[in-house]
Amino acid sequence: MRLLVLIVITLLGATACSTAVSKESMELVDPSVSFEVLHQDPDRYVGRYLLLGGAITDVRPSADGGSELELVQLPTNNRGKVTATDNSDGRFIAQDTTYRDPAIYRNGRLVTLVGQVTGSKTARLGEMDYRYPVLTVHELRLWTPNDHPGSSPVHFGIGLGIGISR
């Protein structure tokens with residue numbers, strides 16, 4: 001019994017300390033560049049790798065067979081997990097060589113990515129012109145709804161359950 005408890009505690013501890021992206025990607029990240037300063041002057045940070053979290057607002061196919069994701073930036077902890085969904089310093093574009101199906105990468109889903117800054121792009125956002133920082137995706141993680149801030153990673157239950165999907 002003690003061994004089982006020790007194994008469960010070890011697994012929970014390992015999960016809690018894991019990063020959203022690989023160690024190799026995290027080693028590329030320049031932690032001195034915040035999204036706030038990137039948004040003010042994206043061209044100044046071209047070539048730097050950043051760790052960013054966000055909520056998807058749009059996914060468009062790109063000419064090279066990949067995807068372009070428009071994201072609302074959301075704060076993350078130092079391991080890349082989104083920590084809040086009601087605070088943002090703006091939007092950004094993530095260009096990906098992998099095709100991301102809009103049915104899966106749909107509006108509101110949370111992602112964490114490591115990307116290389118490639119500059120900026122001005123496009124319409126509602127009634128105004130908006131300058132988006134643009135990053136090329138190096139690694140991207142799509143979070144499940146259970147991984148949203150405020151959701152508990154631990155679930156206990158006894159008995160039978162019925163799942164209803166909409």
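Quick notes on this one:
- Sorted fewest first by neighbouring Cβ atoms within 10 angstrom, GLU24, GLU127, GLU139 come out as GLU127, GLU24, GLU139.
- Neighbourhood charge, 15 Å Cβ-Cβ cut-off, centred on ASP147 and excluding it, Lys, Arg +1 and Asp, Glu -1: +4
- Note on the range 29-144: along the principal axes its Cα atoms extend 34, 30, 27 Å, ordered by decreasing extent.
- When SER25, SER62 are sorted by how many other C-beta atoms sit within 10 angstrom of their C-beta, beginning with the fewest, the order is SER62, SER25.
- Among 30-38, 115-123, the order from most to least packed when residues are scored by Cβ within 10 Å on average: 115-123, 30-38
- Packing-based exposure ordering (other Cβ within 10 Å, fewest first) of VAL134, VAL114: VAL134, VAL114
- For ARG60 and SER34, the difference between the fully extended length at 0.36 nm per residue and the C-alpha to C-alpha distance is 6.8 nm.
- Modelled this way, with points 7 Å down the Cα-to-C-beta line, the labels at ARG131 and ILE104 are 3.5 nm from one another.
- Amide proton proximity set for LEU74, modelled H, under 5 Å, gap of 5+: GLY53, GLY54, ALA55
Since every read-out is calculated from the coordinates, none of them should be taken as a lab result. Because the structure is predicted, anything quoted here is derived from the model rather than measured. In this analysis, Cβ positions are derived from the backbone assuming ideal geometry, glycine residues included, and neighbour counts consider all displayed protein chains.
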